[in-house]
Amino acid sequence: MNVNLWMVTNPVTISPEQTLGEARRLFENHKIRRLPVVVDNILVGILSPGDLEKAMPSIFDSEGSNEEEYLADHVEIRTVMTSSPLTIKADEPLIEAAYKMRKNKIDGLPVVEDGSLVGVISITDILDAFIEILSTNQPGTRLDLKIDRQPESFYKMIKIFQRQQKEVLAITQHHDFSKTHQLITIQIRGHDNDDLLEQLWDNKVMVEKVTQLP
C-alpha cells in the first residue's frame, strides 16, 4: 500500500515571495497544518504555523497592533520557511511515511516526484488508512487469536477458516507479539461461529477474544 493511495493531491501551497500575513490567512481559511513552498511547482521549502509563531509570536493574535500587521504583510516566507524539507515519493510504502514522521517527530510530509510537488501525506491520512484497513464497517465477528511463531501455523489456521467457509473481511498479524506466540486479528462475516471456534481450539489456536460487530 503506497503513499499515492492516501495522500492529498493538489494541496494548498505558497511561494517564497508571499508574506507571513498571507500564510496566516491560508492556515486559518483552509484549516491546515503545513504549507509547501513552491516555485513553478518545484518544492523549495515547508512552512508550519509554528514557524510563523517563532518569527512573530503574536501573528495569530486577533488583537495584534498595526505595526505587527504591517510586518506580517511585508516579511516574506523565504525568511522563515524550512528549506530542503524531508519528503517522500508517491510510490513509497505508506509505512515508510509513518517511519519518517515518527523518527523525525513531524506530522506530515510533502510528496514529490523529480522535485515537483504532487501531494501531501499527513498523520491524519495514515490514521484514516489504519482505520479503513482494520475496520471494514461491515457486520460480523472479530477474533483475536494466538498461535505459535512457526510459519506453517499461520497457514494451518487459515485452512480452518476455508473449511468452515468463512469470508475473511480483514486480517492483521503481530508476529512478534511474544517470544513464543504471534497474535492474529481476523474479522469475518457473520455471527454463527460455534463450529469455527471449536475447530480453532482443537487445532491449538488459542482464542483470546471474540467481538460481535453490529
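Taking amide H as placed 1.01 Å from N in the peptide plane, the amide H of Gly140 sits under 5 Å from that of Gly190, Leu213, each at least 5 places away or on another chain.
Amide H contacts under 5 Å for Gly119: Val111, restricted to partners 5 or more places along the chain or on a different chain, H placed in the peptide plane at 1.01 Å from N.
In this label model, Glu132 and Ser83 are separated by 3.7 nm, measuring between points 7 Å along each Cα→Cβ vector. With θ taken as phi - 60° and the Karplus curve 6.51 cos²θ - 1.76 cosθ + 1.60 applied, the whole-hertz 3J(HN,Hα) list for the range 39-53 is 10, 6, 6, 8, 6, 10, x, 9, 10, 10, x, x, 4, 5, 5 Hz, x standing for glycine and proline. One decimal place: the segment Ser116-Glu68 gains 13.9 nm when fully extended, by the rule 0.36 nm per residue minus the C-alpha distance. Protection proxy ranking for 18-27, 153-162, 172-181, 3-12, using the average of other Cβ atoms within 10 Å per residue and placing the highest first: 18-27, 3-12, 153-162, 172-181. Scaled against 2.2 N^0.38 Å for its residue count N, the alpha carbon radius of gyration of the chain is 1.45. With the cut-off at 21 Å, tell me which of the pairs Lys146/Lys209; Lys159/Lys204; Lys100/Lys179; Lys103/Lys209 have Cα atoms farther apart than that. Exceeds cut-off: Lys100/Lys179; Lys103/Lys209. Dividing the Cα radius of gyration of the range 126-214 by 2.2 N^0.38 Å, with N the residue count, gives 1.06. For the chain, modelled as a GNM whose springs connect Cα atoms under 10 angstrom apart, the maximal fluctuation among Ala55, Ala129, Ala98 occurs at Ala55. Take the Cβ-Cβ distance between Asp202 and Ala170 as r, set R0 to 25 Å, and report the resulting FRET efficiency rounded to the nearest 0.05. According to the calculation, E is roughly 0.55.
Here the simple spin-label model places points 7 Å from the Cα toward Cβ, and for Lys54 and Val8 these points are separated by 2.1 nm. Using the Karplus relation 6.51 cos²θ - 1.76 cosθ + 1.60 with θ = phi - 60°, the per-residue 3J(HN,Hα) values for the range 159-171 come to 5, 5, 5, 5, 5, 7, 6, 9, 8, 7, 9, 7, 8 Hz, with x marking Gly and Pro. Database remark: amide H of Ala170 closer than 5 angstrom to the amide H of Gln187 (H placed geometrically; neighbours at sequence offset of 5 or more, or on other chains; Pro and chain starts carry no H). Couplings 3J(HN,Hα) of the range 120-133, computed from phi: 9, 10, 10, 4, 5, 4, 5, 5, 4, 5, 4, 5, 5, 5 Hz, in residue order, whole Hz [Karplus 6.51 cos²θ - 1.76 cosθ + 1.60, θ = phi - 60°; x for Gly and Pro].
Here, each number is a calculation from the coordinates, and none is a lab measurement. Since the model is a prediction, treat every value here as computed from it, not as a measurement. FYI the Cβ positions are ideal-geometry reconstructions off the backbone, even for glycines, and counts take in every protein chain you see.
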